[in-house]
1. As an exercise: evaluate Asn66 against (1) of a type in the set (S, T, N, Q); (2) within 20 Å of Ala3 (Cβ to Cβ); (3) buried (at least 19 other Cβ atoms within 10 Å of the Cβ) and give the number of the one condition it does not meet.
2. Enumerate the pairs (first residue in segment 130-154 and under 24 Å from Glu36 (Cβ atoms); second residue anywhere and of a type in the set (Asp, Glu) and surrounded by fewer than 14 Cβ atoms within 10 Å (Cβ to Cβ)) with beta-carbon separation below 7 Å, excluding pairs fewer than 6 apart on the same chain, so at least 6 apart or on different chains.
3. Looking at segment 114-127, can you tell me whether even one residue there is out of contact with any helix residue (DSSP H, G or I) (no Cβ under 8 Å at 6 or more places or on another chain), within 19 Å of Val12 (Cβ to Cβ) and open to solvent by less than 30 Å² (accessible area, probe 1.4 Å)?
4. Among the numbered criteria (1) of a type in the set (Gly, Ala, Ser); (2) buried (at least 22 other Cβ atoms within 10 Å of the Cβ); (3) more than 25 Å from Val142 (Cβ to Cβ), which one does Ala17 miss?
5. Are any of the residues in segment 146-158 of a type outside the set (Val, Ile, Thr) and either at pLDDT 95 or above or surrounded by 14 or more Cβ atoms within 10 Å (Cβ to Cβ) (or both)?
6. Working only within segment 42-80, note down all residues that are within 25 Å of Lys124 (Cα to Cα) and hydroxyl-bearing (Ser, Thr, Tyr).
7. Within segment 128-145, how many residues are on the phi < 0 side of the Ramachandran plot and surrounded by 13 or more Cβ atoms within 10 Å (Cβ to Cβ)?
8. Taking Trp84 and the conditions (1) modelled with pLDDT under 95; (2) touching a helix residue (DSSP H, G or I) at 6+ places or on another chain (Cβ under 8 Å); (3) open to solvent by 40 Å² or more (accessible area, probe 1.4 Å), which numbered condition does it fall short on, given that it satisfies the others?
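The values are calculated or read from the model by the stated rules, or taken from the named source; none is laboratory data. Note that the structure is a prediction, hence the values are computed from the model and not measured. Please note: Cβ atoms are built from the backbone with ideal geometry, for glycine as well, and neighbour counts cover all protein chains shown. Each accessible area value is taken on the protein alone, full model and side chains, heavy atoms only, with ligands, DNA and RNA left out. Shrake-Rupley method; radii C 1.70, N 1.55, O 1.52, S 1.80 Å.
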Amino acid sequence: MPARSLIAPAVVLDFAAEASKDPDFLLQIDHVKEWERANGPLPEGGWLLYRTGWDARSADQAAFLNADENGPHTPGISSECAQWLASEAPIQGIGVETVGTDAGAAHSFDPPFPCHSFLLGAGKYGLTQLRNIDRLPVTGAVVVAPPLPIVGGSGSPVRVLALVER
């Protein structure tokens, strides 16, 4: 990961209310475009932090994974939106509160696991299991996300920090 990517601006798209009503809620392209109309463009080389309120479940593994006989039910990003974010959005990556960047039901999407397929395939990054996104402003935060310098790996633990002006 290039050093210039370790510190970048971030924006918060808050869909916690929708995810509380529907654990399978999916972020759509129209949601992002509506957010941009209200708040301005996504930051060039920055992070899109997708707030679903899922971090409130982090102390309870069963609630966090939210699985039943059909599989996990966690909010995520639609296949179309993942492809659009990978190819059209100026961001370097996304951050989510859930266990992975893809929705719980993403195994049944076309293609399966679209965030992994499209975003990671486009050289963009994913941050998972974030907490306290609700404490960040909609715009104006800066994320510091330095991974371990693992060579040849596909991921790394990272302690993500968000800086905000007081």
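1. Just one mismatch for Asn66, condition (2).
2. Cβ pairs passing all conditions: Gly140/Glu165.
3. yes
4. (2)
5. Step one: filter segment 146-158 for residues of a type outside the set (Val, Ile, Thr), giving 146-149, 152-157.
Filter once more, keeping what is either at pLDDT 95 or above or surrounded by 14 or more Cβ atoms within 10 Å (Cβ to Cβ) (or both): 146-147.
Yes, segment 146-158 has at least one match.
6. If the condition is that a residue be within 25 Å of Lys124 (Cα to Cα) and hydroxyl-bearing (Ser, Thr, Tyr), then Tyr50, Thr52, Thr74, Ser78, Ser79 are the ones that fit.
7. Of the residues in segment 128-145, the ones on the phi < 0 side of the Ramachandran plot are 128, 130-131, 133-139, 141-145.
Cutting the leftovers down to surrounded by 13 or more Cβ atoms within 10 Å (Cβ to Cβ) gives us 128, 130, 133-134, 136, 138-139, 141-145.
So the count comes out to 12.
8. Unmet condition: (1).
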